[in-house]
Each structure stands twice: as C-alpha cells, then as structure tokens.
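Report on the structure given below.
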Amino acid sequence: MAGKADLIEAVAAKSGISKRAAGEAVNAMVDFVTATLKKGGKVTIPGFGTFSVSKRASRTGRNPQSGATIKIAAKKVPKFKSGKGLKDAVK
C-alpha cells in the first residue's frame, strides 16, 4: 500500500522538484480539499474524481457486547467518487 511519503516522492520525481517542495504541494492540496469540504463545497479533479461531503442521518444501533440499543448521532462524512479516467486506468 502506498502512503503520503510515496506520493510526495512520486510528485518530486515526476515534476523534477525537491521532495520538500513536493511535500509542500501535496500538503497544500490536502489542506485545500479539507477547507473546501469543511465549508460544504466539493472539489472536482477532471479525470480523477470528486471529493464531497455527505450527510449521514441519525440512526439506532446495537451495542455488540451488551445488546443494548443506542442512538447514533447524525454527522457529515467525506466522500470520494472516482472519475471516468481513474476508473478506466484501473480496469
């Protein structure tokens, strides 16, 4: 499995910039996506995919240890939908 360090190394190698500059670029992208999602917006990268926020309704769950019914609060969760270019590349 590839991680953030692998992504930074790949960006540095592909673009011919230092790992430090690549790290700053990757961090800037992550910060931008995070800030946009916090505001309720979405980020679309054509050919790659779309980052958005989905609202999860409150629901009733069950504690697996005791079997007691518990209420699970509503919350917002990040969502990613892959684009056609990414889907085709993975086939």
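Assorted remarks:
- Subset of the stretch 50-87 that is of a type in the set (V, I, T) and closer than 21 Å to M29 by Cα - its residue that is surrounded by the fewest Cβ atoms within 10 Å (Cβ to Cβ): V77
- Pairs where the first residue, in the stretch 69-91, is of a type outside the set (S, T, N, Q) and the second is part of a helix (DSSP H, G or I), C-beta under 6 Å, 6+ apart: P78/L37
A short reminder: the numbers here are calculations on the coordinates, not readings from a lab. On a predicted model such as this, the values are computed, not experimentally measured, just so you know. Backbone-built Cβ (ideal geometry, glycine too); neighbour counts: all protein chains shown.
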